[in-house]
1. Tell me what the chain gives for mean residue ellipticity at 222 nm when only DSSP H runs of n ≥ 4 count, each as -39,500 (n - 2.57), the sum divided by the residue total, rounded to 500 deg cm²/dmol.
2. Please give the charge dipole size of segment 1-151, origin at the Cα centre, charges +1 on K and R Cβ atoms and -1 on D and E Cβ atoms. Round to the nearest 20 debye.
3. So how do 215-221, 21-27 stack up, highest first, on mean other-Cβ count within 10 Å?
4. Suppose every Lys and Arg Cβ carries +1 and every Asp and Glu Cβ carries -1, with no other charges. What dipole size does segment 214-264 come out with about its Cα centre, to the nearest 20 debye?
5. Given a Förster distance of 22 Å, report the FRET efficiency between Lys188 and His114 from their Cβ-Cβ distance, rounded to the nearest 0.05.
6. Send over the Kirkwood Rh of segment 7-76, from the inverse of the averaged 1/r over different Cα pairs, rounded to one decimal Å.
7. Put +1 on the Cβ of every Lys and Arg and -1 on every Asp and Glu Cβ in the chain; which of Ile24, Gly149, Pro135 then has its Cα farthest towards the positive end of the dipole?
8. Taking every pair of distinct Cα atoms and averaging 1/r, then inverting, what Kirkwood hydrodynamic radius in Å comes out for segment 129-203?
Amino acid sequence: MQNNIIYTTMSRTPIIAANWKMNIGPAEARAFLAAFKEEKLCECKGVEKVVVPPFVTIPAVVETLNGCSCLGVGAQDVSDHDNGAFTGEVSTAMLTELGCRYVVLGHSERRQYHGETNAYINKKIHKALSAGLIPIYCIGETLEQREGGQLEQVLRTQVTDGLAGLTPEQVAGLVIAYEPVWAIGTGKTASAADAQSAHAFIRSVVAEIFGEDAASKVRIQYGGSVKPANAAELMSQPDIDGALVGGAALKADSFAAIIRAAAV
Ligand code: PEP
């Protein structure tokens, strides 16, 4: 993969987000946050910390945080509609009313199990931004695509179609999560060099479409079996601006260790 310009990380605060997926109900979340508090990470400056619980757990998290801004709260999905007959869906207004600031969109599990396409995710990104939510837009290739030499094409299409119609300012303010599908929940992590190379490529595509200012500001997280043991090496790469963490963020101590790795 061609490595293009390496943009400075000076102005990008790393963001570590815990994607709890369909784990951790309200009671367990309260216990998690009590343990997380013991880690004393509120003083850990220079890294944005986010938890992304299941919808039903969000109120318990917000209540337990009790106004503490140390941890941001996100949702795992949102509807592309405002309201109405959409059984099972949740709107942007509902999320902002609860106190959410972020929303994960286009996670590979939603693409795989719910048939979400780049065009559909694009509508949700627009909807989220117009409600003041920060999208965490997930992209990444399958093993088949990587081995078939399609990595760059897949990433280019996901960036182009998923972010279509956004202004450079909107792109600068959102978060992209590069998550190779073969690394999610498998214990296999992309090497730091491979991850850096993919991140630099994604940033170069953002630069082509939205300009260098947006490219130098947009934060690109890595996701895929990040754990305390590999976080520091991944986070030290110039184009990696944090992590979206699944399994290793289900326990407060390992989530805290990953945050510390991003803060150094
Ligand atoms: C994820 O689901 O976004 C993820 C990265 O999961 P894990 O860390 O478990 O691979």
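1. Details: 12 runs with 116 residues, N = 264.
That comes out to -12500 deg cm²/dmol.
2. 300
3. Values: 215-221: 22.9, 21-27: 14.6.
Highest-to-lowest ranking by the protection proxy: 215-221, 21-27.
4. Numbers: 5 positive and 4 negative charges, 24 e Å.
The dipole of segment 214-264 has a size of about 120 debye.
5. FRET efficiency, Lys188 to His114: 0.40.
6. It is 12.8 Å.
7. Farthest towards the positive pole: Ile24.
8. Result for segment 129-203, one decimal place: 13.3 Å.
The values are calculated or read from the model by the stated rules, or taken from the named source; none is laboratory data. All values derive from a computational prediction rather than experimental measurement. Here the Cβ is made from the backbone with ideal geometry for all residues, glycine too, and neighbour counts use every protein chain on show. We work out accessible area using only protein heavy atoms, side chains counted, and drop any ligands, DNA or RNA first. Shrake-Rupley method; radii C 1.70, N 1.55, O 1.52, S 1.80 Å.
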